[in-house]
Amino acid sequence: MTDTPLKHVLDGYKVLDFTHALAGPTATRLLVEMGAEVIKVEIPPVGDMTHAFPTVRNGRSAFYVQQNRGKKSLFLDVKTPRGLAIVKDLVEQVDVRVENFAPGAIGRMGLDYETLAAINPRLVMCSISAFGQTGPLADRPGYDFIAQAFAGVTHVIGEPDRPPSLPGLGIGDVMTGVHGLGAIACALLYRERTGRGQHLDISLLDSYYHCHDLNVQLHSASGGRINPGRTGSHLGAGAPLGIFRGKGEDEYVAIACVTNRQWRQLCAAMGREEFARHPDYRDNLDRARRRNELIALVEGWIAGHDTTAAALAKLDEHRVPHAPVLDIGQTIAHPHHRARGTVRTLRDAQFGEFAAPGFPFRFSEFPEPLDLRAPQRGEHNAEVLRDYLGLGEAEIRALEEARILVTEATRMAAAETR
């Protein structure tokens, strides 16, 4: 026990972050938002590719700010012998190392787990990749929707008579980052008990496949007779269970009635209690067989109102599970999202203000989020090398002159001379 107040649950843990894009930075972003000290290592001349992701203002990417707040930036050429030696020295000082390079790339740099574990046996190293570190697909390049396709997830998204669709957000990347975070936290707990670190192999493909709730067992347990496919705007697990047209143009309502009680509540909301007692709609399986009838019934009922909001009010009154299908602007302004911090406003001195997703965890001991800001490339070069490795100003200056250490200013100057 310590008498010094902790800033959050992971205060005191140190993380070496070799990640870029979305999956890896999600894991380390959550770590830093829980109080860990995260050193983000970027490799010149560009570093993390997301510096160029939209929206860019005053040379600053809102996406980069969103994903890298609170991290310390070390802009270091690890492909030089001195740069590699610095990273290995830092490994001795940290608890966790996270990387999301393609399998084998980190080993070619001389930074594979076996090498680093020999330096620091307590190190927890998390490798995040598209297909994992092992298996026939391991060496393939891949991104979120590529792994999604291999997982059979893409096959079940969209209308049955049209090509598969893609979700318009980074579900797989973010989810894989959260899976990585969960594994890191448990590995640190194991280390507290045993003193031993370990290597974690987290993949997009495994994370996506983990989301199959009914599909895999339906196919397997039926001996292949059931092969789930695309069901469009309505799920095959029951009815009414899907997206229904609203009264206005481009207005839609999500309704979920799985239990008999919910079906009775919906019938009461529609003023059609006789359907709750009708033998054709006795249970969820019966209702699923008559899905098209029920879709027409519900959409006809909604269309009979002056506004979609009037129909939603009746669903609210009878506690029918439902929601309006909000666009992104509506979610940003929604009072519930704002009250809980599900949507938050980020402030960056260079970029300005913008809305972004909030921190998804709630801790009673730490109700307020940490005040964090995203770094400039190389902003913490001197601080990290001084505080972690004891390097003096002359040594740091020599590393800058040799272009082993790079700052935002020296990067821009070098770009102007090219």
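The values are calculated or read from the model by the stated rules, or taken from the named source; none is laboratory data. None of these values were measured; they are calculated from a predicted model. Every residue, glycine among them, receives a Cβ derived from its backbone with ideal geometry; neighbour counts consider all protein chains shown. Just so you know, the surface numbers come from the protein's heavy atoms only, side chains and all, with ligands and any DNA or RNA stripped out. Shrake-Rupley method; radii C 1.70, N 1.55, O 1.52, S 1.80 Å.
Relative to 2.2 N^0.38 Å, what does the C-alpha radius of gyration of the stretch 238-292 come to as a ratio? Two decimals please.
Taking the Cα Rg and dividing by 2.2 N^0.38 Å, one obtains 1.15.
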If you find the alpha carbon centre of the stretch 70-89 and of the stretch 214-267, how far apart are they in angstrom? 51 Å
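Protein chains only, probe 1.4 Å: how do Tyr281, Tyr143, Tyr190 rank by accessible area, largest first?
Tyr143, Tyr190, Tyr281
Using R₀ = 56 Å, calculate the FRET efficiency as 1/(1 + (r/R₀)^6) where r is the Cβ-Cβ separation of Asp89 and Arg319; round to 0.05.
Values: r = 60 Å, r/R0 = 1.07.
It comes to 0.40.
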Expressed in square angstrom to the nearest 10, the accessible area of His212 with a 1.4 Å probe stands at 40 Å²
Shape category assigned to the stretch 166-218 from the gyration tensor of Cα positions, a/c cut at 1.5: prolate
Compute a Gaussian network model of the chain, connecting alpha carbons closer than 10 Å, and tell me which residue from Pro357, Pro228, Pro367 fluctuates the most. Pro367
Quick one: order Cys186, Cys267 from most to least accessible surface, probe 1.4 Å. Cys186, Cys267
Would you work out the relative contact order for the stretch 305-411, in percent, from Cα pairs under 8 angstrom that are 6 or more residues apart? 14 percent
Segment Arg397-Ala237, length gained on full extension (0.36 nm per residue, minus Cα span): 51.2 nm
19 Å reach of a label modelled at Leu326, 7 Å along Cα-to-Cβ, counting backbone N of the stretch 334-351: 334-346
Relative pair counts by distance (%), Cα atoms of the chain, 20 Å bins: 22, 47, 26, 6, 0
Please give the net charge around Leu30, taking every other residue with its beta carbon less than 12 angstrom from that of Leu30, where Lys and Arg add +1 and Asp and Glu add -1. +1
Using the alpha-carbon atoms, what tilt in degrees (0 to 90, nearest 10) does helix 308-317 show relative to the longest principal axis of the chain? 90 degrees
Where Trp263, Trp301 fall by accessible area, highest first, once all protein chains stay in place (1.4 Å): Trp301, Trp263
Return a whole-number percent for the relative contact order of the stretch 10-97, with Cα pairs under 8 Å and 6 or more residues apart as the contact set. 35 percent
Quick note, the stretch 345-386: a/c under 1.5 would make it rounded; otherwise a/b > b/c is prolate and the rest oblate (a ≥ b ≥ c, C-alpha gyration tensor); here it is oblate
Treating the angle as unsigned and between 0 and 90°, give the value, to the nearest 10°, between the Cα long axis of helix 291-303 and the longest Cα principal axis of the chain. 90 degrees
So how far apart, in nm, are the two label points at Arg272 and Asn292 if each is 7 Å from Cα heading toward Cβ? 1.6 nm
Summed side-chain charge close to Glu192 - residues other than Glu192 whose Cβ falls under 13 Å, Lys, Arg +1, Asp, Glu -1: +3
So, with points 7 Å from each Cα along the Cβ direction, the Thr115-Thr307 label distance in nm works out to 6.4 nm
Computed over the chain: longest principal axis from alpha-carbon atoms vs helix 260-270 long axis, angle to nearest 10 degrees, is 70 degrees
Euclidean distance between Cα centres, the stretch 156-198 to the stretch 278-338, Å: 31 Å
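Please give the length that would be gained between Met412 and Asp283 if that part of the chain were fully extended, namely 0.36 nm times their separation in residues minus their C-alpha to C-alpha distance (nm, one decimal).
Numbers: separation 129, 0.36 × 129 = 46.44 nm, distance 6.66 nm.
Extending this stretch completely gives an extra 39.8 nm.
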Kindly provide the helix-only [θ] at 222 nm of the chain, computed as the sum of -39,500 (n - 2.57) over DSSP H runs of four or more divided by all residues, to the nearest 500 deg cm²/dmol? -11500 deg cm²/dmol
Label point distance in nm, Val258-Ile226, each placed 7 Å from Cα along Cα→Cβ: 1.4 nm
Using a Gaussian network model of the chain with C-alpha springs under 10 Å, which one of Asp144, Asp48, Asp213 is most mobile by mean-square fluctuation? Asp213
